[in-house]
1. Across the stretch A:63-83, what is the total count of residues that are on the phi < 0 side of the Ramachandran plot and open to solvent by 50 Å² or more (accessible area, probe 1.4 Å)?
2. Checking B:Asp230 against (1) more than 10 Å from chain A (Cβ to nearest Cβ); (2) at pLDDT below 95; (3) more than 26 Å from A:Phe365 (Cβ to Cβ), only one condition comes out false. Which one?
3. Exactly one condition in (1) in a loop (DSSP other than H, G, I, E, B); (2) more than 8 Å from every other protein chain (Cβ to nearest Cβ) is false for B:Ile322; which is it?
4. Looking at the structure I just gave you, is B:Ser292 hydroxyl-bearing (Ser, Thr, Tyr), more than 8 Å from chain A (Cβ to nearest Cβ) and out of contact with any Lys or Arg (no Cβ under 7 Å at 6 or more places or on another chain)?
5. Please verify whether the stretch A:57-66 includes one or more residues that are within 16 Å of DNA strand D (Cβ to nearest atom), more than 13 Å from every other protein chain (Cβ to nearest Cβ) and closer than 25 Å to A:Gln186 by Cβ.
6. Within the stretch B:63-84, work out how many residues are within 11 Å of DNA strand C (Cβ to nearest atom) and not polar (S, T, N, Q).
7. Given the conditions (1) in contact (Cβ under 8 Å) with a residue 12 or more places away in the chain; (2) more than 12 Å from DNA strand D (Cβ to nearest atom); (3) over 23 Å from the mean Cα position of the chain (by Cα); (4) open to solvent by 50 Å² or more (accessible area, probe 1.4 Å), and given that A:Ser39 satisfies all but one, which numbered condition is not satisfied?
8. Taking the condition of being among the charged types (D, E, K, R) and more than 7 Å from chain B (Cβ to nearest Cβ), how many residues in the stretch A:236-270 meet it?
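The values are calculated or read from the model by the stated rules, or taken from the named source; none is laboratory data. The model shown is predicted, which means the values in this text are computed figures rather than measured ones. Here the Cβ positions follow ideal geometry from the backbone for every residue, glycine too, while neighbour counts run over all protein chains shown. Surface accessibility is based on the protein's heavy atoms, side chains included, excluding ligands, DNA and RNA. Shrake-Rupley method; radii C 1.70, N 1.55, O 1.52, S 1.80 Å.
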There are 2 protein chains.
Amino acid sequence: MVARRATVRDMRRSNRAVLLSKIYLDGPLSRHELTQLTSLSPASVSTLVAEFIEEGLVEEAGSVESDGGRPRVLLRVAPSFGHVIGVDVGETRVTVELFDMSMAALAKADYPIEPNQLEPKVTVAHILEGITAVCAQAGVDQSTVLGVGVAFPGVVDSGEEGLVHAQHLGWADGVPIGTMLRAGTQIPVHIDNGAKTLGQAEMWFGAGRGTQHAVIALVGSGVGAAVVADGASYRGSRSSAGEWGHTTLVYGGRRCRCGALGCLEAYVGAEGILDRYRDANGRSAPGIDEESAIGALIAAADSSPTASEVLNQTVGYLGAGIATLINLFNPERIVLGGWAGTALGGRWLPEIRAAAAKHALKLPFAQTTITLCELGPDAVALGAATLPVARLLADGGLRPAAAAQAALVRGPRVRIPPR
Amino acid sequence: MVARRATVRDMRRSNRAVLLSKIYLDGPLSRHELTQLTSLSPASVSTLVAEFIEEGLVEEAGSVESDGGRPRVLLRVAPSFGHVIGVDVGETRVTVELFDMSMAALAKADYPIEPNQLEPKVTVAHILEGITAVCAQAGVDQSTVLGVGVAFPGVVDSGEEGLVHAQHLGWADGVPIGTMLRAGTQIPVHIDNGAKTLGQAEMWFGAGRGTQHAVIALVGSGVGAAVVADGASYRGSRSSAGEWGHTTLVYGGRRCRCGALGCLEAYVGAEGILDRYRDANGRSAPGIDEESAIGALIAAADSSPTASEVLNQTVGYLGAGIATLINLFNPERIVLGGWAGTALGGRWLPEIRAAAAKHALKLPFAQTTITLCELGPDAVALGAATLPVARLLADGGLRPAAAAQAALVRGPRVRIPPR
DNA sequence: GAGACTTATTTCATATCATAAAATCGAGGC
DNA sequence: GCCTCGATTTTATGATATGAAATAAGTCTC
């Protein structure tokens, strides 16, 4: 951790962040409870909460009688304090969703991407149009939108430009999506990888709640993971950590679409499963798209020995892949998600656990629980929308702009010279 | 990250920590330079440094002329402020080493472990005896020892008890080494895994210097890794993160000594290499122990096609294993170490890099440099000795005991009641 | 060799902040 | 109406970093 110098102001911001995060994530809570949970003094809690209420960030939400004494007043982050937008850029469509602070969905817009229109410009236009559209649809002024989170299927390099490398969109070279979006809207933009935003959603509202160390393992057409360490997303030096799908599982094995041999994705990704089935069976599983084909395969597991065999193998590979995560990250919890992961886990979770046990070290395995995700793949946009909220919480509710403005209004302090 | 409430005192401790760490890790530095590097005000630097000097933590170390102005006075952490001890518990011996604050070695003691005397009690006795011995040898009073860091070959569960699970020592069940050691000495005890302490040494004094995200990949008889994220050791929920050796590399492959099939260690660990050579060659590589056998094998690479073949395969496996680290952790740097890793890397580093490139995703691979370690396996004890130093720096030089005592001396503040 | 100049460090007055202690509030019980 | 109890707010205080001004410690110029 890079420690930074601290001033009294940083202290206040930090305490505001602690308090606000507690109210948001574990609220509604009374001042008294907040005192205990944050170990701040009652005086500080009182002062800070008064500030929050003054700013419209927090509001009172009923009270709880306490036998004999003054009742506790419950506090929550005001759902109407502002709005956030989450965008899920998929391989076939762009989904834009508007939420209030409580993450209640207010409006939604969908833009199919034509396979021949994969240019970044088109995607950016869809996103910008979607922002306008959802705000109009819900009758919300854009100035109340705290931020837009955008999730992409690919590696998102953190940094000013917001470089996105998305092979499946044909963006091999790194598209400066951040710069492009900021040119089209005033709203603060946050960009991240879709697996990471889905992981964030599961951490806040799904199967990851209450843990500080978790890995959200996602299996769909692609295979990826979102790693959470000490309660925060693990990003590595350039934000591309967690590329689980392309770890080598079978040295020298099947060719993966990334070009390498033996990647996990080539075995447990939807395409990998279907390819292996076709190889074993002589012809493809029925189904218009991958999703229905996998569904058909799973449905056939009882009747078709080949399907059963292929899926059993898949479970074994998946377990070994999960074991790698357990050995390397030592999480409290593995959350298995993604549409294919959910489908497999729904039926074979005990077998997946057993396969992981076979390949992981005993001690870290015993410290890990393996569960299914709770939110489903649609939560990518929800997770993206949490990005500006997370920013707000980390800043203690002091929006950077507001903070800068406050400093400006206060102005350079003029000192009266001594006589 | 778990944010905690902050008080003005926390602020001071934090600023002391920032300042002291800079002086220790990048020193000697002048107050002026510290002002720029920490972004603290000159006033604060001056005050804090005065405190450090008063406490004997920091001392002046010459000055640098500056053309025209007042010369800068250089500051460094006083080497004689205190001492630290590092202990390396290996499979065959216990090494205890005494250092001053500048990590200059002052004394050393060695205790061979007889194969039939693997009981924890014996090891603990060696450590305690070693502490006394090195202090006596160097004429150092034990009260000046800030702490003892002890490195074990196995999983070390953080927490009060200091549970150590070391299969190679026959300690399968978790031995409460922390409790046992604390019963025998007053000196604060820190316990960690040997790979992690070696990694720490490389980060501070070796090939990891200057990076915030690195993985120290260690290949010897066993295979492990020390992961550093954001400048701090990545531990996971229960400190056993980084068990690289038992990630599955060849699904269904060779049996590993951990019991699973296809672990990385079964292919690139010393035993794995020698076994594969024996399988290919029909008989074992010459050598009394693993280390000389591996040395002989590498020496024979030019003349023996079989040796060459086996080592080439090893390079391929190792590259794939490194690629897994790159994909999952997205480090700035991979440092290859361990005695076997150093030997292999010394000769085939370009080939290892190429093999990693073949198995890693292009983007994270391009962001990573792969280098050899600089310190050698003896640095385990050095790394262990950095644990108490790291503690001191993180606490801003306020030893917990001293801090508590200060609070005690100050006593409960008595308030004079108003008239 | 004296004064000008330059750069580093220290001193001082000030504003910010969390906190302990005391006061106040809001309800039920008698 | 008065008392009790627990929650919250008010008040006085001490700790802290900081900008600005002052001071220190050299070199350079003439």
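1. Of the residues in the stretch A:63-83, 9 are on the phi < 0 side of the Ramachandran plot and open to solvent by 50 Å² or more (accessible area, probe 1.4 Å).
2. Status for B:Asp230: all satisfied but (1).
3. Failed condition: (1).
4. Details: hydroxyl-bearing (Ser, Thr, Tyr): yes; more than 8 Å from chain A (Cβ to nearest Cβ): yes; out of contact with any Lys or Arg (no Cβ under 7 Å at 6 or more places or on another chain): yes.
The answer is yes for B:Ser292.
5. Step one: of the stretch A:57-66, the residues within 16 Å of DNA strand D (Cβ to nearest atom) are A:57-66.
Restricting the remaining residues to those that are more than 13 Å from every other protein chain (Cβ to nearest Cβ) gives A:57-66.
Okay, now just the ones that are also closer than 25 Å to A:Gln186 by Cβ, so A:57.
There is at least one residue in the stretch A:57-66 that is within 16 Å of DNA strand D (Cβ to nearest atom), more than 13 Å from every other protein chain (Cβ to nearest Cβ) and closer than 25 Å to A:Gln186 by Cβ.
6. Kept after step one, since they are within 11 Å of DNA strand C (Cβ to nearest atom), are these residues of the stretch B:63-84: B:63-75.
Adding the requirement that they be not polar (S, T, N, Q) leaves B:64-65, B:67-75.
Residues in the stretch B:63-84 being within 11 Å of DNA strand C (Cβ to nearest atom) and not polar (S, T, N, Q): 11 in total.
7. Only one criterion in (1) in contact (Cβ under 8 Å) with a residue 12 or more places away in the chain; (2) more than 12 Å from DNA strand D (Cβ to nearest atom); (3) over 23 Å from the mean Cα position of the chain (by Cα); (4) open to solvent by 50 Å² or more (accessible area, probe 1.4 Å) is unmet by A:Ser39, namely (1).
8. 4
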